[in-house]
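*Asks:* Handing you this structure, nothing more for now.
The values are calculated or read from the model by the stated rules, or taken from the named source; none is laboratory data. Just so it is clear, the structure is predicted and the values come from calculations on it, not from any experiment. Backbone-built Cβ (ideal geometry, glycine too); neighbour counts: all protein chains shown. All accessible areas refer to the heavy atoms of the entire protein, side chains included, with ligands and DNA or RNA removed. Shrake-Rupley method; radii C 1.70, N 1.55, O 1.52, S 1.80 Å.
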Amino acid sequence: MYRKLKLIIIVSIVFTSFSYSQRYKIYEGSFENLNDIKLFKVEFNYENIQVHGFDSEEDFLKEKMEKRKSDPEKAANFRRDWFLNREKYYNPAFVNYFNNYFKKGERKIVADSDSQYLMKVNLTWIYPGYAIEPAKLSATIDFIDTSNSKKLLVIHFEKVIGIEKKAIEINEYERVIGAFEKLAKNLVIQLK
């Protein structure tokens, strides 16, 4: 009886660990290419982002604005904030989580860095979540040596589930911040 229980527990742990470790895919290069790099510049690219359940980001925005059509100012603010929140909340959340993880400065993202190494975060998919459901996102991150345009590592994270701070999160941007923090967390775990 105990042998079967022990075997079930071990198998469960192995499969859980395996499935957790497979949340990313390396398209090009390797983590070893980044071993000696301490400073990165960062760039966020939202050009080709898809929104879950919609054919395009524009279709998503149209629907959200249509729901708010009784208050044109509220509709316009939603659209404006959808784009402004990237610079205001999402990008800084990623950078702050990354930098705070490396408390001794082993690695760091520095905005005004002379570093020749660029971390380009290409957002490919987003699910903004709902009040009781966290946001999710997918991204391909390119690590580029800008002195020769060589890609040192290209890694894709698929449907990263955001960190939940409260049981119910009313503000959409708060849920999306959690997804950017979790994306950074998944990355730093691999860079450690």
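*Asks:* Provide the per-residue ³J(HN,Hα) series for the stretch 114-122, in order, calculated from phi with Karplus coefficients 6.51, -1.76, 1.60 and θ = phi - 60°, each as a whole number of Hz, with x at glycine and proline positions.
*Replies:* Couplings: 8, 4, 7, 9, 10, 9, 9, 9, 9 Hz.
*Asks:* Follow-up. Can you spot the lysines whose alpha carbon is less than 29 Å from Lys69's alpha carbon? Ignore those fewer than 8 places along the same chain.
*Replies:* Within reach: Lys88, Lys136.
*Asks:* List the residues, sorted by chain then number, that are 5 or more residues from Asn122 or on another chain and whose placed amide H is less than 5 Å from its amide H.
*Replies:* Asn45, Thr140, Ile141, Asp142
*Asks:* Might you tell me the accessible area per residue for the chain, computed with a 1.4 Å probe and given in Å²?
*Replies:* On the way: 11760 Å² over 192 residues.
Here the residues of the chain average 61 Å² of exposed surface.
*Asks:* Please return the longest stretch of the chain lacking exposed loop sites, where GluC sites (Glu not before Pro) count only if DSSP places them in a loop and at most 12 other Cβ atoms lie within 10 Å. Display every interim value, and only then the final one.
*Replies:* Details: sites that count: Glu47, Glu106.
Segment 107-192 is the longest.
*Asks:* Can you give me the relative contact order of the chain as a percent, contacts being Cα pairs under 8 Å and 6 or more apart? Could you put the intermediate results ahead of the total?
*Replies:* On the way: 315 pairs, mean separation 50.6, N = 192.
After rounding, I find 26 percent.
*Asks:* Treating only the Cβ atoms of Lys and Arg (+1) and Asp and Glu (-1) as charged, compute the dipole magnitude of the chain about its Cα centre; round to the nearest 20 debye. Walk me through the numbers on the way to the answer.
*Replies:* Numbers: 32 positive and 27 negative charges, 195 e Å.
Dipole of the chain, to the nearest 20 debye: 940 debye.
*Asks:* On to the next question. Along the stretch 178-192, what does the Karplus equation 6.51 cos²θ - 1.76 cosθ + 1.60 (θ = phi - 60°) give for ³J(HN,Hα), rounded to whole Hz, x for Gly and Pro?
*Replies:* Couplings: x, 5, 5, 5, 5, 4, 4, 4, 4, 5, 5, 4, 6, 7, 3 Hz.
*Asks:* Here's another thing I want to ask about it. Out of these labelled values of Rg and Dmax of the Cα atoms in Å, (1) 17.4, 67; (2) 15.9, 47; (3) 19.1, 66, which was calculated from the coordinates shown here?
*Replies:* Given (1) 17.4, 67; (2) 15.9, 47; (3) 19.1, 66, the calculated one carries the label (3).
*Asks:* Related question: How large a share of the accessible area of the chain, in percent, is made up of carbon and sulfur atoms when the probe is 1.4 Å and the other protein chains stay in place? Intermediate values should be presented prior to the final figure.
*Replies:* Working: 6230 of 11760 Å².
The computed percentage sits at 53.
*Asks:* Given H placed on each backbone N at 1.01 Å, which residues far from Gly129 in sequence or on other chains put an amide H within less than 5 Å of it?
*Replies:* Here Lys136 satisfy the definition.
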